[in-house]
Amino acid sequence: MIVRKSMAELEKMRAAGLLVWQILNQLKGMVREGVTTYDLEVEAEKMMRDAGARPAFKGYSTPAAGTKFPFVLCTSVNDEIVHGMPSQKRVLKSGDIVSIDTGVQLNGYYGDSAITVPVGEISEETRRLLEVTRESLELAIEKARPGNRLFDICGTVERHVTANGFTVVREFVGHGIGTHMHEEPQIPNYIDRKNENPRLKEGMVLAIEPMVNAGGPGTRVRPDRWTAVTEDGKNSAHFEHTVAITANGPWVLTRP
Ligand code: MG
Ligand code: MG
């Protein structure tokens with residue numbers, strides 16, 4: 001069942017969403033050569049505590065991983081797609097890209113967002129990878145309107161990505177969000193005909209999150225059982241927003 005939220009609930013989700021935006025905006029400004037992904041973690045955790053929010057990722061576990069995720073951020077560098085772990089050993093260097101994904105729970109409601117940030121000078125292909133991934137998210141957000149269907153979102157991402165010569169990751173998907181970080185529906189970045197195609201209604205809140213590979217769509221998970229990487233070692237980008245469907249159209253809760 002897809003839980004729909006009242007306007008009062010959406011206002012609470014807005015507060016969580018804006019905090020996530022503030023954190024990601026701060027971290028984006030910190031990214032440069034010589035910074036470690038753990039430096040980003042420390043800053044994010046401090047901002048969450050200061051705001052009285054609970055880190056949504058720290059302590060989160062999945063049956064596949066079998067362990068609790070130990071950090072407030074997922075930091076995924078270059079060929080890492082999602083669920084990378086911050087580390088003092090991971091020193092960013094020019095030419096890298098780092099995806100920063102985070103979520104908070106504030107007053108009972110979740111916000112979830114991700115950005116991919118270039119470090120110094122990146123290649124033209126990688127710049128295009130980031131641009132196309134960001135565009136695919138924006139185009140999908142435009143479809144988050146009452147009367148459309150879920151496949152309008154999924155298909156929009158898939159079409160824009162493949163038309164530009166990149167591939168979408170199939171093993172990881174977006175999701176509904178509210179009083180739980182992961183609610184129904186699942187939101188693949190492609191049309192999965194095995195899934196339902198519900199009509200979108202006012203009050204639904206969706207975390208839309210294209211994960212896009214420069215090379216093939218294949219993925220594997222590292223022995224740490226969290227970090228997902230591309231099979232061919234090529235770069236991957238990830239952008240995500242938490243989006244409410246309202247009578248007036250999409251309301252992106254995770255940006256001002
Ligand atoms: Mg996320
Ligand atoms: Mg998410």
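Just a few scattered comments:
- Relative contact order (percent, whole number), the chain, Cα cutoff 8 Å, 6+ residue spacing: 24
- Distance between the pseudo-spin-label points of LEU139 and MET1 (7 Å out from Cα toward the beta carbon): 3.6 nm.
- Whole-number percent relative contact order across region 65-154, with pairs defined as alpha carbons under 8 Å at least 6 apart: 19
- Full-stretch length increase - ASN164, ASN197 - with 0.36 nm per residue and alpha-carbon distance subtracted: 9.3 nm
- Relative contact order (%) - criterion: Cα under 8 Å, at least six apart; region: region 162-237: 32
- Taking 25 °C and 0.890 mPa s as conditions, region 111-151 diffuses translationally at an estimated 200 µm²/s according to Stokes-Einstein applied to its Kirkwood radius (Cα pairs).
- Spatial extent of region 146-206: Rg and Dmax, with the Cα atoms as the point set, Å: 12.0, 37
- Comparing region 196-256 with the 2.2 N^0.38 Å rule of thumb, its C-alpha radius of gyration ratio is 1.52 (two decimals).
- Solvent-accessible area of GLU183 with every protein chain in place, 1.4 Å probe, in Å² to the nearest 10: 30
- Measuring between their Cα centroids, region 223-246 and region 80-109 lie 10 Å from each other.
- With every protein chain in place, the chain: carbon and sulfur % of accessible area (1.4 Å): 49
- Taking Cβ atoms as reference points and 14 Å as the exclusive limit, the residues near THR67 contribute a net charge of +3, counting Lys and Arg as +1 and Asp and Glu as -1.
- Tail weight of P(r) past 29 Å, computed on alpha-carbon pairs of the chain, percent: 24
- Helical mean residue ellipticity (222 nm; -39500 (n - 2.57) per DSSP H run of 4+; nearest 500) of the chain: -9500 deg cm²/dmol
- Point-to-point label distance, ASN248-ARG127, nm (Cα→Cβ direction, 7 Å offset): 3.6
- Among residues other than GLY52 with Cβ under 14 Å from its Cβ, the summed charge is +2 (Lys and Arg +1, Asp and Glu -1).
- Among 11-23, 66-78, 223-235, 98-110, the peptide with the highest mean count of other Cβ atoms within 10 Å heads the list, and the full ranking is 98-110, 11-23, 66-78, 223-235.
- With distances taken between every two different alpha-carbon atoms, region 36-161 has a Kirkwood hydrodynamic radius of 16.3 Å.
- Kirkwood-type radius of region 64-113, with distances r between different C-alpha atoms, in Å: 12.4
The values are calculated or read from the model by the stated rules, or taken from the named source; none is laboratory data. Just so it is clear, the model here is predicted, and its values are computed rather than measured. Neighbour counts run over all protein chains shown; Cβ positions are idealised from the backbone, glycine included. Please note that ligands, DNA and RNA were not included when accessible areas were found on the heavy atoms of the full protein model with its side chains. Shrake-Rupley method; radii C 1.70, N 1.55, O 1.52, S 1.80 Å.
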